[in-house]
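One structure below.
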């Protein structure tokens with residue numbers, strides 16, 4: 001299991017056993033509402049803030065500022081593979097106030113050379129997270145969220161209400177490291193803190209490699225916040241939050257199976273679990289929404305109550321029993337110059353590179369190169385060799401699974 005743990009504010013990375021643990025804290029007391037975000041020696045210390053750009057627009061699209069005037073953005077390194085992000089008013093107040101609650105903040109910055117961005121975990125209403133082809137130029141479009149901070153533990157005591165806040169972090173790898181399985185993935189939450197666990201066939205969070213698991217994949221998001229608001233800004237009421245997640249297509253396929261985003265959307269299920277409650281399955285379309293968008297899957301849970309619920313995202317109906325323990329294989333049938341190659345792929349190999357090559361002399365020439373799907377399916381291609389003499393080689397992630405005579 002791969003776990004990410006966050007709470008509102010700074011990003012600090014470290015490993016605990018086999019899990020990647022990330023703790024985030026900018027503070028929880030009312031006195032900390034006035035901290036100058038980019039001039040901290042304590043929690044946000046560890047390096048100079050990266051140069052950034054900021055534009056702020058009203059709901060009607062008109063500019064509030066296109067040069068950051070009136071605001072500051074602090075993007076500070078923490079640990080070896082993360083940057084924390086805080087948006088504040090120019091006087092250092094991290095509560096942006098009710099006037100900014102509906103506004104859109106576009107933050108741009110570049111990671112240092114020899115780094116490449118992976119995921120984003122934010123306390124914000126995320127509109128988009130864009131990584132340029134160089135892996136370093138980042139654009140985040142966000143709206144603030146209201147948060148009640150609280151003590152640690154499964155039943156937090158409320159400490160401070162915040163009207164509008166944007167904090168969180170960006171992860172990165174060293175350029176040239178193993179291709180990461182969650183590049184472009186983001187989580188946006190309105191909560192005191194949260195932890196994300198990617199299990200089963202989902203990519204390994206720490207390394208980005210295939211998990212190798214044949215267990216059906218799921219993504220668990222556990223959130224912590226006080227049951228009631230603190231009452232520091234108004235009369236205490238039941239505290240509510242929200243959750244959004246963007247899952248890149250390759251990650252969604254590895255986690256949930258399915259031949260397309262549409263198939264995953266149709267099968268997606270979200271369940272809520274909490275120690276003080278019986279597990280419940282959320283109603284699609286009302287208690288959660290899921291839809292395919294450019295490049296991936298967007299999931300939204302608009303209303304969450306606390307203290308420490310876990311929301312499990314899975315697609316159980318896509319888990320086919322015959323794909324759990326099968327061995328990768330291939331067979332072919334020739335029809336004139338065309339060949340229908342039927343491959344069988346285990347769930348653990350979803351997303352791996354599947355290449356079908358024809359032997360030409362002493363070399364093999366690629367006729368088809370795709371990412372593997374789960375189960376058995378057919379690929380049609382053309383071959384040049386004569387009947388009875390043509391030969392194909394089928395490889396999965398560089399390993400030969402079949403040599404076929406045609």
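Taken together, the values in this text are just the output of simple stated rules run on the coordinates, not laboratory data. Bear in mind that the values here come from a model prediction, so they are computed numbers and not experimental data. Glycine gets a Cβ as well: all are built from the backbone with ideal geometry, and neighbour counts include every protein chain shown.
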Notebook entry, point to check: Over its Cα atoms, what ratio of radius of gyration to 2.2 N^0.38 Å does the range 321-405 give?
Noted result: 1.06
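Got a sec? How would 349, 128, 116 order by Cβ neighbour count within 10 Å, fewest to most?
Numbers: 349 25, 128 13, 116 18.
Ascending number of Cβ neighbours within 10 Å: 128, 116, 349.
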Checklist line | Equivalent ellipsoid semi-axes - Cα gyration tensor, the range 133-199, angstrom | finding: 30, 16, 9
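Counting other beta carbons within 10 Å of each Cβ, put 119, 80 in order, fewest first. Working shown, then result.
Details: 119 26, 80 9.
Taking fewest neighbouring Cβ atoms as first place, the list is 80, 119.
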